[in-house]
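One structure is given here, and the rest of the page talks about it.
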Amino acid sequence: MKLSRKIFLLSAVACSMMVAHGAAHAHAAKGPTDPADERARQVLAHMSLQDKMSLLFSVDGGGFNGSVAPPGGLGSAAYLRAPAGSGLPDLQISDAGLGIRNPAHIRKDGAAVSLPSGLSTASSWDVDMAREAGAMIGREAWQSGFNVLLGGGADLTRDPRGGRNFEYAGEDPLQTGRMVGSTIAGVQSQHVISTLKHYAMNDLETSRMTMSADIDHVAMRESDLLGFEIAMETGHPGSVMCSYNRVNDLYACENPYLLTRTMKQDWHYPGFVMSDWGATHSSARAALAGLDQESAGDHADARPYFQTLLAADVKAGRVPQSRIDDMAQRIVRSLFAQGLVDHPPVRAPLDVVTDTLVAQRDEEEGAVLLRNEGNVLPLATTARIAVIGGHADVGVISGGGSSQVDPIGGEVVKGPGKKDWPGDPVYFPSSPLRAMRAEAPAAHITYDPGTNIAAAVRAARAADVAVVYATQFTFEGMDAPNMHLDGNADALIAAVAAANPHTVVVMETGDPVLMPWNSSVAGVLEAWFPGSGGGTALARLLFGKVAPSGHLTMTFPQAESQLAHPDIAGVNANNVFEMQFHTDQELVYDEGSDVGYRWFDRNHLKPLYPFGHGLTYTTFATDGLVAGYHHKQLTVTFNVRNTGTRPGVDVPQVYVGLPDGGARRLAGWQRVKLAPGESRQVSVQVDPRLLAHFDGRHDRWDIPSGRFRVWLGTSAVDDSQQVTVHVHGRTMAP
Ligand code: BGC
């Protein structure tokens, strides 16, 4: 692995393109300690209407359909030239949530370090790790000259086949909000705006450009929107991206309930809303609903709405000038609030070694040990090991689409050369096989590609342990048509497991998959998309250099028939384009806020692996569960003890049940690191919204009075420890 290779960008001096065109007003405004709002007001006071309007429209940055970078643009998703003399920086806008994207390889030195999938970061349940991961990609963005990053994705996993689930965090609003919000905070600690997306209900890729996600407002506020709300409170993103789909008939980017009433009024969001690429459909309607900036409007949308059309709307009085002022104020405010004016990017070589270590640690914390019969893991460092399949000899797979990062060191698996979006799967050159050999030089480790099942079986028979790497490539624009691993993986695993009882499966997947061979293998490690440091992370996990500590943020069903929506209408279209535009059907989310594990709980369904599940190499015991409600705060206290012989991290979870019934809800967790024999008392403070119903009529949260159930568990199905607590009801403003 070429970790030491540095990327040398143009220069280590401040990038002149990012420096203001004439530093006049922004820097003439008061000092950097002034509130961002006030500084924005001062800058805008000097601006003409035309200049203000120029802030509302970005152009394609060269990433769209093979176009070229505009003058001043570095080559990315979008570019916005700041008004001359304003003192504001140009906006260099880049994808995305896992690392710095180089669309169509437009920049000569555009490779970057990639985090593992967002799902992996979320599965760590470690908000500090999420923040550090965000800071790493924020730093790389800044060092590459970018000041706006198009990630944190916070859409909930309403369907385990979602093509972009790997970019998001999972099926729970609290978990998603805290983890994604922490990543956003990390990005923004580097003076780069982070963009919370795709707001809202963009939970599927099928028909994403046309379909209406229909759900009642109350259920939406208690599920998907609660995830966004908590992410916003945690991370304070400078921008939010409205999504392609419609929500209750209205396009998300012209939906007043989503953009204005909920986000700007109820949540007091002070930043700006940009459209997804191709998600603006009108000028006045969108502006009045709350859209502040049209993205790549020269290429992505049917017409450049927020240019002459919007100017004509203002002239004709269809859009008041005060709204234009508000749009510009929100944008400029975010530039000040996130430090874009005071700390313009200083281009520098990426510190690939340090950054890859962050990606590696993220994967080490996010991989989930699902099964470990007879303690097959960790592997003995002297064993004879047959590594099979998944291109583990050269690298690890990644997810496709706009979050795809160009690997440092280049792509290591040559695909068939698929021309259609998103092209062949990209493998990062972090080889699990090489890393395993480096980790255990005394072991005898062979490799078989797994393409010929009989040969793989022979290799497995000759070894003490067989480790099968299996992949599932998922990508933006298309949902997985089924829940199977790619290629011959299911048959390969079944045959290898029949030949060797000590078979371990390492799954590199974008989603939960069905595991028909589950009970015949000894071990299963869910690695998600492992990122730039993935091979090393997996070797360290397999040999016990580091103990797995990830826990599922998604339910693994036993069959698709258990899902709230067993079929995705239109998922079997011929190509990605056809699928995204499939029909303009309505998708009625009649499961309401009972997403994922809550659906399983409500319907008494037994999953294959439940939300929250995750094993490690030691054992833990919890006791002393106490729940107290004092001063309007529910606090849950308990003891955790490491009862095994190895150090490890436990993630005990607290779930609550409301007195008037309904499915249980995750109410909090702790990540506790303990040495063998060590114990600690920990407590969890429960966010009052998780004890409440949203009251759509009065636009507030209502906590009912009565006895609440409180579970302490290792997953969403663990009923072993339970207490009740009396809560006095109350109402809360949103
Ligand atoms: C995606 C966004 C992305 C944008 C710019 C869209 O197709 O949905 O997530 O940020 O493209 O590349």
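Can you name every residue in the range 184-207 that is within 11 Å of the ligand (Cβ to nearest atom) and either polar (S, T, N, Q) or assigned to a loop (DSSP other than H, G, I, E, B) (or both)?
Correct list: THR195, ASN202, GLU205.
How about the range 142-179: which of its residues are of a type in the set (A, V, I, L, M) and within 13 Å of the ligand (Cβ to nearest atom)?
Passing the criteria: VAL148, LEU149, LEU150, ALA154.
Looking at the range 144-164, can you tell me whether even one residue there is polar (S, T, N, Q) and part of a helix (DSSP H, G or I)?
no
Look through the range 471-489, keep the residues that are part of a strand (DSSP E or B) and away from the ligand (no atom under 16 Å from the Cβ), and return whichever of them is farthest from the chain's Cα centre (by Cα).
THR471
Looking only at residues in the range 247-290 that are of a type in the set (S, T, N, Q) and within 16 Å of the ligand (Cβ to nearest atom), which one is nearest to TYR79 (Cα to Cα)?
Here the answer is SER275.
Just checking, which of GLN329, GLN307 is open to solvent by 10 Å² or more (accessible area, probe 1.4 Å) and within 30 Å of GLU140 (Cα to Cα)?
After applying the criteria, what remains is GLN329.
Given SER212, SER239, which one is crowded, with 24+ Cβ neighbours inside 10 Å and either within 15 Å of the ligand (Cβ to nearest atom) or closer than 26 Å to GLY696 by Cα (or both)?
Criteria check complete, one pass: SER239.
Condition (residue is within 28 Å of VAL352 (Cβ to Cβ), assigned to a loop (DSSP other than H, G, I, E, B), open to solvent by 10 Å² or more (accessible area, probe 1.4 Å) and touching a helix residue (DSSP H, G or I) at 6+ places or on another chain (Cβ under 6 Å)) applied to the range 384-393: is it met by at least one residue?
For the range 384-393, residues within 28 Å of VAL352 (Cβ to Cβ), assigned to a loop (DSSP other than H, G, I, E, B), open to solvent by 10 Å² or more (accessible area, probe 1.4 Å) and touching a helix residue (DSSP H, G or I) at 6+ places or on another chain (Cβ under 6 Å): present.
Based on what the data block shows, is ASP702 within 17 Å of LEU226 (Cα to Cα), without any contact (Cβ under 8 Å) to a residue 60 or more places away in the chain, touching a strand residue (DSSP E or B) at 6+ places or on another chain (Cβ under 8 Å) and of a type in the set (D, E, K, R)?
For ASP702, the condition - within 17 Å of LEU226 (Cα to Cα), without any contact (Cβ under 8 Å) to a residue 60 or more places away in the chain, touching a strand residue (DSSP E or B) at 6+ places or on another chain (Cβ under 8 Å) and of a type in the set (D, E, K, R) - is met.
In the range 623-648, which residues are open to solvent by 40 Å² or more (accessible area, probe 1.4 Å) and among the hydroxyl-bearing types (Ser, Thr, Tyr)?
Correct list: THR643, THR645.
Is it the case that some residue within the range 115-129 is out of contact with any helix residue (DSSP H, G or I) (no Cβ under 9 Å at 6 or more places or on another chain), touching a residue at least 60 places away in the same chain (Cβ under 8 Å) and of a type in the set (Asp, Glu)?
No, because not a single residue in the range 115-129 is out of contact with any helix residue (DSSP H, G or I) (no Cβ under 9 Å at 6 or more places or on another chain), touching a residue at least 60 places away in the same chain (Cβ under 8 Å) and of a type in the set (Asp, Glu).
Which residues, taken from the range 90-141, are open to solvent by 10 Å² or more (accessible area, probe 1.4 Å), of a type outside the set (A, V, I, L, M, F, W, C) and part of a loop (DSSP other than H, G, I, E, B)?
ASP95, GLY97, ARG101, ARG107, LYS108, ASP109, ASP126
Within the range 571-591, is even one residue aromatic (Phe, Trp, Tyr), closer than 30 Å to VAL358 by Cα and not in a loop (DSSP other than H, G, I, E, B)?
no
From the list PHE708, PHE694, pick out the single residue that is assigned to a strand (DSSP E or B), open to solvent by less than 30 Å² (accessible area, probe 1.4 Å) and closer than 30 Å to ALA621 by Cβ.
None of the others qualify; the one that does is PHE708.
I need a count of the residues in the range 394-410 that are in a loop (DSSP other than H, G, I, E, B) and either under 26 Å from ILE493 (Cβ atoms) or within 16 Å of the ligand (Cβ to nearest atom) (or both).
Going through the range 394-410 one residue at a time, the tally reaches 10.
Here's the yes/no breakdown for (1) at pLDDT 95 or above; (2) open to solvent by 30 Å² or more (accessible area, probe 1.4 Å); (3) assigned to a helix (DSSP H, G or I):
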{"position": "ARG434", "(1), (2), (3)": "yes, yes, yes"}
{"position": "THR446", "(1), (2), (3)": "yes, yes, no"}
{"position": "THR451", "(1), (2), (3)": "yes, yes, no"}
{"position": "ALA454", "(1), (2), (3)": "yes, yes, yes"}
{"position": "ALA459", "(1), (2), (3)": "yes, no, yes"}
{"position": "ALA497", "(1), (2), (3)": "yes, no, yes"}
{"position": "ASP511", "(1), (2), (3)": "yes, no, no"}
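When the range 47-75 is examined, which residues are found to be part of a loop (DSSP other than H, G, I, E, B) and within 12 Å of the ligand (Cβ to nearest atom)?
SER58, GLY61, GLY63, PHE64, ASN65
Report yes if some residue within the range 216-234 is within 14 Å of the ligand (Cβ to nearest atom), out of contact with any Ser or Thr (no Cβ under 9 Å at 6 or more places or on another chain) and touching a residue at least 40 places away in the same chain (Cβ under 8 Å); otherwise report no.
So far as the range 216-234 goes, no, none of its residues is within 14 Å of the ligand (Cβ to nearest atom), out of contact with any Ser or Thr (no Cβ under 9 Å at 6 or more places or on another chain) and touching a residue at least 40 places away in the same chain (Cβ under 8 Å).
Collect the residues in the range 499-509 that are open to solvent by less than 10 Å² (accessible area, probe 1.4 Å), more than 14 Å from VAL387 (Cβ to Cβ) and among the hydrophobic types (A, V, I, L, M, F, W, C), keeping them in residue-number order.
Scanning the range 499-509 gives a single hit, MET507.
Being charged (D, E, K, R), more than 16 Å from the chain's Cα centre (by Cα) and within 16 Å of the ligand (Cβ to nearest atom) is the filter here, so list the residues in the range 76-125 that pass it.
Listed by number, the list holds a single entry, ARG107.
Could you say whether any residue in the range 162-180 is within 18 Å of GLY400 (Cα to Cα) and open to solvent by 10 Å² or more (accessible area, probe 1.4 Å)?
Within the range 162-180 (the criterion being within 18 Å of GLY400 (Cα to Cα) and open to solvent by 10 Å² or more (accessible area, probe 1.4 Å)), the answer is yes, since at least one residue qualifies.
Just the residues that are buried (at least 22 other Cβ atoms within 10 Å of the Cβ) and part of a helix (DSSP H, G or I), please, taken from the range 263-290.
Once the filter is applied, which keeps residues that are buried (at least 22 other Cβ atoms within 10 Å of the Cβ) and part of a helix (DSSP H, G or I), the range 263-290 yields MET263, ALA286, ALA287, ALA289.
Out of all the residues in the range 248-262, which are among the hydrophobic types (A, V, I, L, M, F, W, C), within 21 Å of PHE694 (Cβ to Cβ) and crowded, with 24+ Cβ neighbours inside 10 Å?
ALA252, LEU258, LEU259
In the range 655-685, what residues are open to solvent by less than 40 Å² (accessible area, probe 1.4 Å), over 20 Å from SER124 (Cα atoms) and free of Cβ contacts under 8 Å to residues at least 60 places away in the same chain?
VAL656, GLY657, LEU658, GLY661
If I go through the range 523-566 residue by residue, how many of them are under 20 Å from MET436 (Cβ atoms) and open to solvent by 10 Å² or more (accessible area, probe 1.4 Å)?
Qualifying residue count, the range 523-566: 8.
The values are calculated or read from the model by the stated rules, or taken from the named source; none is laboratory data. The model shown is predicted, which means the values in this text are computed figures rather than measured ones. Every residue, glycine as well, gets a Cβ built from its backbone with ideal geometry; the counts of neighbours run over all protein chains shown. Only protein heavy atoms, including side chains, enter the accessible area calculation; ligands, DNA and RNA are left aside. Shrake-Rupley method; radii C 1.70, N 1.55, O 1.52, S 1.80 Å.
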